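Undergrad: So that we are looking at the same thing, I have put the structure below in structure tokens.
Read-outs: derived from the displayed coordinates by stated rules, not from any lab. Since the structure is predicted, the reported quantities are computational estimates derived from the model, not experimental observations. Here the Cβ positions follow ideal geometry from the backbone for every residue, glycine too, while neighbour counts run over all protein chains shown.
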Amino acid sequence: MSRPFLEIAGARKQFFVGDTVVNALNGVDLRVERGETLAIVGESGSGKTTLANLILGVEKPTDGALFLSGARLEEARDTTQRRRIGLVQQNPYSTLNPRKSIGQAIGLPLAVHGIGRRAERRRIISEKLERVGLNSDLQDRRPLALSGGQRQRVAIARALTTEPDLLVLDEPTSALDVSVQAHILRLLSDLQKDLGLTYVFITHDLSVVRVLASRVAVMYRGRIVEEGAVEKVFFSPRHRYTQQLLASIPTVSEEEDAVRPGWPWHSDVDSTAIVTDGCPFHPRCPFAQPGCFSGVPDLKGARDHRHACLNPLVAPETFGAA
Ligand SMILES: Nc1ncnc2c1ncn2[C@@H]1O[C@H](COP(=O)(O)OP(=O)(O)OP(=O)(O)O)[C@@H](O)[C@H]1O
């Protein structure tokens, strides 16, 4: 089998807080092909940001390995390979320093990687500003007068300066008004097509997954519990946790309500309680069987739809599929 563009193999990450070990990632395997958008979804604390930090080289895995075009990533810190990965963060208000010019903000990765001299950097910055739909004259101005959407365009321009192949998008639209969100999603989609970019897109907002992503991985407590093509995972979820997440998206029509059974129970279980054995979701799952209390189910299935559940949903219970 050929190597994928981005491969995450058995990634574990532990943090030590005093005497306590936090297992932020518990063995994550993912493959992302060039030009795809993989969305990573899951509730707060499920490990999405930790996974992004491993890809960005901000954190090292405790165990396992990451590969970009077949080359091991954590050995490539500060090399040309790291320039191939850009980051767009959530909050465009906190990521731009009000005392620095927009050009300085966009040019930061160029300075970090020692790319170009002054005139060359100005040319690259102008080109990237225009690429994201902003006037190149903005580079000598400060970000104070910019709107949220314009700031996020600046953040995207900055991520593009090193000509990356892969962008990690960490909730790129969640701090923006809904009308502005649509413009930024369109821009990201156009850039992906024009530049052949691959995206890893972290989000709480399942409605934007449908707009931007081709694949989705659902995380729960540091594990992938379901993964595959968006239409398969969203319209025929197999894992009970995915069903719960999808049931929490507001519906827009009575027709949609009718095909969505909703989540039939409300759990009082503390979602942060430590689960020492069995499926990590079993304390919240009313369909747990004896086998769910010991051993953790593996992700099984074909690449277009895998799930880690011993008692998965079957066709009549799924929603949305016509
Ligand atoms: N530097 C750290 N030190 C200790 N624990 C950490 C650290 N970073 C993350 N964690 C813990 O690891 C787990 C996963 O956190 P992570 O931030 O990756 O989740 P997340 O899904 O991104 O959450 P959110 O959506 O709230 O950002 C959490 O229990 C978190 O408290």
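Undergrad: So, in segment 23-62, exactly how many residues are outside any loop (DSSP other than H, G, I, E, B), farther than 20 Å from H305 by Cβ, of a type in the set (V, I, T) and more than 10 Å from the ligand (Cβ to nearest atom)?
TA: So the count comes out to 1.
Undergrad: For segment 130-180, give me each residue that is among the hydroxyl-bearing types (S, T, Y) and surrounded by fewer than 23 Cβ atoms within 10 Å (Cβ to Cβ). Steps first, answer last, please.
TA: Applying the first criterion (among the hydroxyl-bearing types (S, T, Y)) to segment 130-180 yields 136, 147, 161-162, 173-174, 179.
Passing the criteria: S136, S147, T162, S174, S179.
Undergrad: Could you grab the pairs with beta carbons closer than 8 Å, sequence gap of 6+ or different chains, first residue in segment 12-25 and within 18 Å of V58 (Cα to Cα), second one near the ligand (Cβ under 9 Å from one of its atoms) and of a type in the set (S, T, Y)?
TA: As it stands, the answer is K13/T50; A24/T50; L25/T50, since those pairs meet every condition given.
Undergrad: Can you give me the number of residues within segment 180-210 that are polar (S, T, N, Q) and closer than 16 Å to P92 by Cα? Give the steps one after another, and end with the answer.
TA: Our first condition is that a residue be polar (S, T, N, Q); within segment 180-210, this holds for 181, 189, 192, 198, 203, 207.
Within this subset, residues satisfying the condition of being closer than 16 Å to P92 by Cα are 181, 203.
Number of matching residues: 2.
Undergrad: To continue, here is another question. Give the residue, chosen from T80, T20, that is within 16 Å of the ligand (Cβ to nearest atom) and over 28 Å from R306 (Cβ atoms). First the steps, then the outcome.
TA: Values: T80 fails: within 16 Å of the ligand (Cβ to nearest atom).
When all the criteria are applied, what remains is T20.
Undergrad: Right, K13: surrounded by fewer than 18 Cβ atoms within 10 Å (Cβ to Cβ), over 15 Å from the mean Cα position of the chain (by Cα) and among the basic types (K, R) or not?
TA: Details: surrounded by fewer than 18 Cβ atoms within 10 Å (Cβ to Cβ): no; over 15 Å from the mean Cα position of the chain (by Cα): yes; among the basic types (K, R): yes.
For K13, the condition - surrounded by fewer than 18 Cβ atoms within 10 Å (Cβ to Cβ), over 15 Å from the mean Cα position of the chain (by Cα) and among the basic types (K, R) - is not met.
Undergrad: Another one. Search segment 147-163 for residues that are touching a residue at least 12 places away in the same chain (Cβ under 8 Å) and under 16 Å from L108 (Cβ atoms) and pair each with any residue that is part of a helix (DSSP H, G or I) and of a type in the set (G, A, S) when their beta-carbon atoms are under 9 Å apart and the residues are at least 6 apart or on different chains.
TA: Pairs that qualify, where the first residue is touching a residue at least 12 places away in the same chain (Cβ under 8 Å) and under 16 Å from L108 (Cβ atoms) and the partner is part of a helix (DSSP H, G or I) and of a type in the set (G, A, S), are V154/A105; A155/A105; A157/A105; R158/A105; R158/G107; T161/G107.
Undergrad: Is it the case that some residue within segment 83-103 is within 20 Å of I202 (Cβ to Cβ), touching a residue at least 40 places away in the same chain (Cβ under 8 Å) and surrounded by fewer than 15 Cβ atoms within 10 Å (Cβ to Cβ)?
TA: So far as segment 83-103 goes, yes, one or more of its residues are within 20 Å of I202 (Cβ to Cβ), touching a residue at least 40 places away in the same chain (Cβ under 8 Å) and surrounded by fewer than 15 Cβ atoms within 10 Å (Cβ to Cβ).
Undergrad: Turning to a different aspect of this structure: Hey, any hits in segment 63-73 for a residue that's crowded, with 18+ Cβ neighbours inside 10 Å and either near the ligand (Cβ under 9 Å from one of its atoms) or outside any strand (DSSP E or B) (or both)? Before you say what the answer is, go through the steps one by one.
TA: Keep residues of segment 63-73 that are crowded, with 18+ Cβ neighbours inside 10 Å, which gives 66-68, 73.
Pick out the ones that are also either near the ligand (Cβ under 9 Å from one of its atoms) or outside any strand (DSSP E or B) (or both) and you get 73.
Checked segment 63-73: at least one residue is crowded, with 18+ Cβ neighbours inside 10 Å and either near the ligand (Cβ under 9 Å from one of its atoms) or outside any strand (DSSP E or B) (or both).
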